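Down below is the structure, laid out as structure tokens.
None of the figures in this text is laboratory data; all of them are computed from the coordinates on show. Note that the structure is a prediction, hence the values are computed from the model and not measured. For neighbour counting, all protein chains shown are included, and Cβ atoms are generated from backbone atoms with ideal geometry for every residue, glycine included.
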Amino acid sequence: MSDGLLDALQYYGAAAATLAALLVSLNLGERWNGWAFVIFVTSSLALIAWGFLQPDSEGIGWQNVALLGINLVGVYSHLIRKRPGAERAPDE
């Protein structure tokens, strides 16, 4: 695997996780939080790939396998699940 691709996976994963965490921390609404979790999913996928392709980085890979599951729950919870009696505002 080329060093350039490994670097891209590593730095994309870190930058995407940082952006997603910022969006969640701003608490801009249900839809924004949902899209932040989509960004977290892409971050986890990049870091899973990086962790298992980079020598001696399997710990990051396994951590992101777990985080991927958590982030998918966040996507489901904020973007997919319909809550009974609750309608989303158009700007959320």
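Below are the figures for this structure:
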{"item": "Selection from region 40-76 of residues that are over 12 Å from the mean Cα position of the chain (by Cα) and touching a residue at least 12 places away in the same chain (Cβ under 8 Å)", "result": "49, 50, 51, 53, 54, 60, 61, 63"}
{"item": "Where a residue in region 1-24 is touching a residue at least 40 places away in the same chain (Cβ under 8 Å) and its partner, wherever it lies, is in a helix (DSSP H, G or I) and surrounded by fewer than 17 Cβ atoms within 10 Å (Cβ to Cβ), with Cβ under 8 Å and at least six apart", "result": "1/53; 6/53; 9/53"}
{"item": "2 or more residues exposed (fewer than 14 other Cβ atoms within 10 Å of the Cβ) and among the hydroxyl-bearing types (Ser, Thr, Tyr): qualifying helices (runs of 4 or more DSSP H) within region 1-85", "result": "3-26"}
